[in-house]
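Below is one structure, written out as structure tokens; comments come after it.
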Amino acid sequence: MTTQNPPGRMSLTRVASAAVIGTTIEWYDFFIYGTASALVFNRVFFPETTPLTGTLLAFSTFAVGFIARPLGAIVFGHFGDRYGRKATLVVSLLAMGLATFAIGLLPSYGTAGALAPLLLVLMRLVQGFAVGGEWGGAALIGVEHAPPRKKVLFGSFAQLGSPLGLLLATAVFQVVALTAGGTSPDGFAWRVPFLLSVVLVPIGLFIRLGITESKEFAAARRERAAGPGRVPLVAAVREAGIRILIGFGAFSGVFVVYYLLTSFTLVYATETLKMPESVSLPGNLIAAVVEGVFVVVGAVASLRFDARRIAILGAAGLVAWSFPAFALMNARVPGLLYLAVAVAMVFIGLGYGVLAGQVAQLFAARVRYTGSSLSYHLGGALGGGLAPVIATYLLDLTGSAWPIAGFCVVIAVMMLACCVLLPRRVSADGEPAAPRVDERADA
């Protein structure tokens, strides 16, 4: 699983392209499922239920992918920490691409009955498992090849894959829907975004097959070979369990608010507020653009300012903005809906842009893939997997969005507390930076 090229010789341009292009393609695959869950899957795979119940079931299959992500983080983290980041990135991209393409070929409920949603869940499990290995490797390719002052900046390249993937997925759905002559891609049209994955994946593979391992990982591998090595998961939990929890809490606020204002908003705006579907998809485009811009803003600002303070600013903004965001949506005015989403994405982008580098630096190189991946994907399981289901249930139970806004505030407060505990200094090569909770002990 090693490369013949010497470690640490890869150009920073290739580092950036390997992280951005690969994660964009992988997140495109992941996000088209979220869009289809909100707009199509209730009719294709759950037609014998009420619209809201069908949407709840569709979001439940969406959640399955997020629940599988921590398992993928453990498995890919094990091989990534033991044998290298490159092989795991190639395998995860292939698995995601094949599962996404297969979803585009699945029979509908009308053709295959209960087998259709079962196959959908199976493919979603593969998607979640694959993306569980994707993020950690992509982020570490940037963080571990970058010089100390630029680790947060290069960690942000993996973060750009999320808004770019959302932008691409939403744009493709929009084009397909308009080409099909409606606002929602029914019939065969909904399959096209999934089938396009077979064209995009080879691009990502071409980029990733040219990457090399970093000097930091090479040193960690020599250290592991020289002494008794624990299983990476066991080592990460024993040596850095509190740091995994800090990373999980920091990412949770980003994910909860992000998915509630993208995937869930598609349902809330159309099913409850009775706004046309043509309004909600542009909201996702705005979200992707604004988030992407502020991922860059936050990452570049980290070159001059304390990255931890940038993360705190993002978290505090989400605490303050959650209730105003839902108040603007309830006005049933498209422009106010877009404003609610755009402002939220400013704060999400700022936090998300710096968290990859910050969280990665909590862990030693020998367990960094496992530790940072678990932090990220446990947060993703809460935010992207459970949050839309919880929000849909609360909406069905109360008929109001205010409990959902309160849920956002609670999670954002948890994020704020964990961001306060993030390290203030940049780690040396291969050495973890101490979170504030144990800085005195390290000293």
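Okay, here's what the table says:
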{"item": "Gain in span if fully extended, ARG222 to ALA331, counting 0.36 nm per residue against the direct Cα distance", "result": "33.2 nm"}
{"item": "The chain, relative contact order [Cα under 8 Å, separation at least 6], %", "result": "25 percent"}
{"item": "Calculated SAXS-style log₁₀ I(q)/I(0) at q = 0.11 Å⁻¹ - the stretch 190-317, Debye, Cα scatterers", "result": "-0.76"}
{"item": "Per-residue [θ]222 nm for the chain (sum of -39500 (n - 2.57) over DSSP H runs n ≥ 4, rounded to 500)", "result": "-25500 deg cm²/dmol"}
{"item": "Span-rule helices in the chain, defined as complete DSSP H runs reaching 30 Å or more along the axis (Cα) with Kyte mean at least 0.5", "result": "12-39, 51-83, 115-145, 151-179, 232-260, 277-301, 307-329, 334-360"}
{"item": "Burial ranking of peptide ranges 383-394, 322-333, 243-254 (average Cβ count within 10 Å, highest at the top)", "result": "243-254, 383-394, 322-333"}
{"item": "Where only C-alpha atoms are counted, convex hull volume of the stretch 317-366 per residue in Å³", "result": "76 Å³"}
{"item": "Amide H within-cut-off set for PHE363, under 5 Å, with H built and near neighbours excluded", "result": "ALA433"}
{"item": "Spin-label pair PHE323/SER11, simplified geometry with 7 Å Cα→Cβ offset, distance in nm", "result": "5.3 nm"}
{"item": "Mean accessible surface per residue for the chain, computed with a 1.4 Å probe while every protein chain stays in place, in Å²", "result": "36 Å²"}
{"item": "Carbon plus sulfur fraction of accessible area for the chain, probe 1.4 Å, in percent", "result": "69 percent"}
{"item": "For the stretch 284-353, fraction of C-alpha pairs farther apart than 15 Å, in %", "result": "52 percent"}
{"item": "ARG304 versus SER108: modelled label distance in nm, points set 7 Å from Cα along the beta carbon direction", "result": "5.5 nm"}
{"item": "Three-way shape label, the stretch 270-427, alpha-carbon gyration tensor, a/c 1.5", "result": "prolate"}
{"item": "Inter-site label distance for ILE203 and VAL297 at 7 Å from Cα along Cβ, in nm", "result": "2.7 nm"}
{"item": "Kirkwood Rh and Cα Rg combined as Rg over Rh, evaluated for the chain", "result": "0.96"}
{"item": "With all protein chains modelled, accessible area of VAL175 [1.4 Å, Å²]", "result": "90 Å²"}
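The values are calculated or read from the model by the stated rules, or taken from the named source; none is laboratory data. Fair warning: this is a prediction, and the values are worked out from it, not measured in the lab. Glycine gets a Cβ as well: all are built from the backbone with ideal geometry, and neighbour counts include every protein chain shown. SASA here: full protein model, heavy atoms, side chains in, ligands and nucleic acids out. Shrake-Rupley method; radii C 1.70, N 1.55, O 1.52, S 1.80 Å.
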